[in-house]
Amino acid sequence: MVYRFACKKYRLPLRVPLRTAHGPWGEREGLLVRLEDESGGVGFGEIAPLPGFGTETVAEAEAACAGFGGQAEEAALDAVPERFGCVRFALAAARMKVPAAPRSTKLPVAALLPAGRAALAVLPDRLGAGFLAFKWKVGVEGAEDELGMLDDLLGLLPDYTRLRLDANGAWDRRTAARWLARCAERPIEFVEQPLAPDDPDGLTGLAADFPVSLALDESVTGLAAAREWQGRGWRGVYVIKPALAGPLEALGAWVDDTKADVVISSAIETAVGRAAILRFVLARNLTRRALGFGVGEIFGDRRWDGPVAGSLLDTGWADSVNSAEIWSALN
């Protein structure tokens, strides 16, 4: 099979910069790809790198795409090196035929709360919208202040909800131990990436020392890293951003084979990438946990954000995304 190949770069400002432990994040860069097969069938994919997570850069992705020229054989698309996980995700998504999941299949979504005390102000609206799971970025302000905010936040949450904490690897071992000791007494679903990925012994030690569930995120950008952590005996959660991890079929096979406890999370991709992920996850019943797709109207533009998303997502949302229209909107 030979495909006609084209790609377009995008650079989109975020409606409100995200505050994380690594500093503010104000815009998203990536590429959309278009593949047309010999029968005229067209598919789209999205390349949304996060070099801070260890992926290829946008420039490297552009260079890889330029190597195809205007057409590419299927073997060449499959031969992209594994370290180009974002490119491999997009090329596979553009060719993927996923059987539709029943419309009755729905997955809950975890709402992303802003860092700091702003979380307290938006929480009532998120609860009113029906969200039952919440993710709060920590490690952004001082530990003493944030621990006080944690008590305030939990005081506002009903017993039937779940709270996830995401440190983005910002804590040292001592700070992480302090947080986990506090969380052991509180209804926390899990603490995500308490230490940096370059401290695997520390992460393993924390998992053994505290009863709180821990999750890996930056440590498992690709499936090779996830398999390595399984080899270490990791029994916690894996937060997987499929847009970074390579072909969706490979992700599905890994989860099926190993029964890994995964959270499927957004890499702040556009609706093109998110729709491909959602169709696959729903069709394959890939996770029992709330999706990390509750980023809200991240771009403030319906073309890139897709349809309004609530506390539950189904294939209706994905089917409402018009990838061809989004492609045409890029110069």
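Of note:
- Lone unmet requirement of (1) among the small types (Gly, Ala, Ser); (2) in contact with a strand residue (DSSP E or B) (Cβ under 8 Å, 6 or more places away or on another chain); (3) under 24 Å from residue 13 (Cα atoms) for residue 290: (3)
- Hey, residue 260 free of Cβ contacts under 8 Å to residues at least 40 places away in the same chain, assigned to a loop (DSSP other than H, G, I, E, B) and of a type in the set (Gly, Ala, Ser) or not: yes
- Conditions (1) surrounded by 17 or more Cβ atoms within 10 Å (Cβ to Cβ); (2) assigned to a helix (DSSP H, G or I); (3) of a type outside the set (Ser, Thr, Tyr); (4) touching a residue at least 24 places away in the same chain (Cβ under 8 Å): number failed by residue 203: (4)
- Qualifying residue in the stretch 60-71 (condition: farther than 28 Å from residue 286 by Cα, acidic (Asp, Glu) and either modelled with pLDDT of 95 or more or not assigned by TED's automatic domain parsing to the domain that holds residue 310 (or both)): yes
- Residues satisfying the stated conditions in the stretch 111-125, i.e. closer than 17 Å to residue 308 by Cβ and touching a residue at least 24 places away in the same chain (Cβ under 8 Å): 111, 112
- Some residue of the stretch 52-74 being without any contact (Cβ under 8 Å) to a residue 24 or more places away in the chain, within 26 Å of residue 252 (Cβ to Cβ) and not polar (S, T, N, Q): yes
- Among (1) touching a residue at least 24 places away in the same chain (Cβ under 8 Å); (2) assigned to a loop (DSSP other than H, G, I, E, B); (3) of a type outside the set (Gly, Ala, Ser) - the single one residue 91 does not satisfy: (2)
- Selection count where residues are outside any loop (DSSP other than H, G, I, E, B), surrounded by fewer than 15 Cβ atoms within 10 Å (Cβ to Cβ), modelled with pLDDT under 95 and small (Gly, Ala, Ser), scope the stretch 273-326: 1
- Sole residue being part of a helix (DSSP H, G or I) and in contact with a helix residue (DSSP H, G or I) (Cβ under 6 Å, 6 or more places away or on another chain), chosen from 181, 243: 243
- Residue list for the stretch 126-150, filter: of a type outside the set (A, V, I, L, M, F, W, C), in contact (Cβ under 8 Å) with a residue 12 or more places away in the chain and in a loop (DSSP other than H, G, I, E, B): 130, 139, 141
- Hey, residue 119 of a type in the set (A, V, I, L, M, F, W, C), closer than 25 Å to residue 52 by Cβ, within 24 Å of the chain's Cα centre (by Cα) and in a helix (DSSP H, G or I) or not: yes
- Residue match in the stretch 47-62 (condition: more than 29 Å from residue 170 (Cα to Cα) and touching a helix residue (DSSP H, G or I) at 6+ places or on another chain (Cβ under 9 Å)): no
- Taken across the stretch 38-58, residues that are among the acidic types (Asp, Glu), at negative phi, assigned to a helix (DSSP H, G or I) and not assigned by TED's automatic domain parsing to the domain that holds residue 170 do not occur at all.
The values are calculated or read from the model by the stated rules, or taken from the named source; none is laboratory data. Just so you know, these numbers come straight off a predicted model, no measurement behind them. Backbone-built Cβ (ideal geometry, glycine too); neighbour counts: all protein chains shown.
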